Amino acid sequence: MSLEADPPIGTATPSLEDRPRLSYRRPKMSFAGRVTGGFLLILLLVAGIASMAATRSLDPWILFLSILFVTIPLGTWLIARLLRPMDRILEDLSDGIRSFRDHDFSVRLQSRRVDEFGQIAQLYNEVGAVLQSERRDIRERELLLQAALNQSPVAILLVNQLDRIIYSNHEARRLLLGGAKLEGKSFSELRDGLPEEMKRVLAGETDGLFSVQAEEVVETYHLSQRIFQLNRRSHRLVLLRRMTGDLGRQEAAIWKRVIRVISHELNNSLAPISSLLHSARIVAREPRHADRADEIYSTMEERLDHLSRFIEGYARFARLPAPQYEEVDWQEFLCRFSDFPQLVVAGSLPSRPGYFDPAQIQQVLVNLFTNAAEASEQLEAITVQVDTTRGGGTYIQVLDRGHGMDEETLRKSLLPFYSTKQTGSGLGLPLCREILEAHGGKLSLQLRPQGGIAVTCWLPPTAVGSTI
């Protein structure tokens, strides 16, 4: 019996069902029977020598020396010969199990015996073949998954419980570190070197939507994070998806739909007006129908007023004026929102006044407070917090405990005219984003761990008297 290696992984290996199984002949005597027979033979030999010594009245010393120099060596040789296969199989099994411990499943035991030891060797070989085949299949699936993840446009990171990155795909390395290797680096240290907007969203443990200035283009990203157990240890999966292209295509589709809606609404209003105008001309020519003139003109006025309000709703989004900057006292500014009794100001307000267009930022916060109030089934508190950054920028954060958003709604929340409300216009959040970007700022959304939404408005540092 000896050790031998299987063919390399690249060669074809038959499955366990295709492998020829050894047909064992049951030995005439088992290993235990052979060992027992050996002991009995030694005992019979000792008894025979003792019987001869007693018959011939031999000196006891001669009996003792006979047993010492004849029976014991013969018995020792016989027992060693009987136990030699066991020693060999145990030694080979030890070497094979060490190879299993080192994740090498190619070692095989070679034996031509047809007894119990041959059967053990064959069973070991079959177990090794199964493990090697399964490991090969796992490796092939890992390579396939690796190739698929590296081709994915989504940046993927896997972080262990020690805050170390243990996996990253090509997109994650390109986006976060310019293509350099991320494995082994601290996720917290990597996050601290990212843009402020990305860093704030990554600091949480929930999904979020944010924008980052990339050269001359504002890139929008969707963040998805999940905590799961891997090998009974907590791991964090981070997915960063670039949404700019998708949002652009979806916006184009939405604008086409809006044009169709406007065209339909115009036709629905202009057709009746045209008909009423024709009726007014008939009334003007026939004085006997003069009593109907007021009714006709009233109906025309109603249709024109409806059309005007419809167009105004869409035009408001398109004709956002340039911000008119001025110094704004934060305490006085937040007192304007007395219509929201559930509003709670968290922390202390900045001592330095803000510098922005108060009417436009007030419109932003009214939209956000209204959304937060409508998302809550009860009159729950809406928290607003104002912080200034080290560089002079300002964060205005609005937090609620409403029903939040699902992943699809979060991705589309900044699209114009997209709304999950039956009577919603879909202009609230896009208008907030337009106002903030006109100020040079950004808008980001993030799900809160215990439910609700955190909306963050960032305003850049602006010196008094400067213009944007």
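Each reported figure results from applying straightforward, stated rules to the coordinates on display, with no laboratory input. Computed from a prediction, not measured in an experiment: that's the story for all the values here. Neighbour counts are summed over all protein chains in view; Cβ atoms, including those assigned to glycine, are modelled from backbone coordinates with ideal geometry.
Using mean Cβ contacts within 10 Å as the protection proxy, how do 321-332, 86-97 order, highest first?
Values: 321-332: 13.3, 86-97: 14.8.
Averaged packing, sorted descending, gives the order 86-97, 321-332.
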Amide hydrogen neighbours beyond the local backbone of residue 427, cut-off 5 Å, H modeled
417
What are the ³J(HN,Hα) couplings of region 201-206, residue after residue, when phi is run through the Karplus curve with 6.51, -1.76, 1.60 and θ = phi - 60°? Round to Hz, x for glycine and proline.
6, 5, 5, x, 10, 10
What spacing in nm lies between the two simple spin-label points modelled at residue 77 and residue 271, each 7 Å away from Cα in the Cβ direction?
11.8 nm
Pairwise label distance in nanometres, residue 151 with residue 205, each label 7 Å out on the Cα-Cβ vector:
3.5 nm
Applied in sequence order to region 356-369, the curve 6.51 cos²θ - 1.76 cosθ + 1.60 (Karplus, θ = phi - 60°) yields integer Hz couplings, x standing for Gly and Pro, of 6, 7, x, 5, 6, 5, 4, 5, 4, 5, 4, 4, 5, 5
For residue 209, list long-range residues whose amide hydrogen, built 1.01 Å from N in the peptide plane, is under 5 Å from its own amide hydrogen.
223, 445, 446
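Given 4 °C and 1.567 mPa s, how large is the Stokes-Einstein diffusion coefficient of region 326-459 in µm²/s, with Rh as the Kirkwood radius over Cα pairs?
85 µm²/s
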Under the Karplus relation with 6.51, -1.76 and 1.60 and θ = phi - 60°, whole-Hz ³J(HN,Hα) for region 102-112, x at Gly and Pro, equal 8, 6, 10, 9, 8, 6, 10, 9, 10, 8, 9
Region 90-104 scanned against label point 7 Å out from residue 136 along Cα→C-beta; backbone N under 18 Å for 100, 103-104
Taking H placed 1.01 Å from N in the peptide plane, check which residues at least 5 places from residue 107 or on another chain put their amide H under 5 Å from its amide H.
6
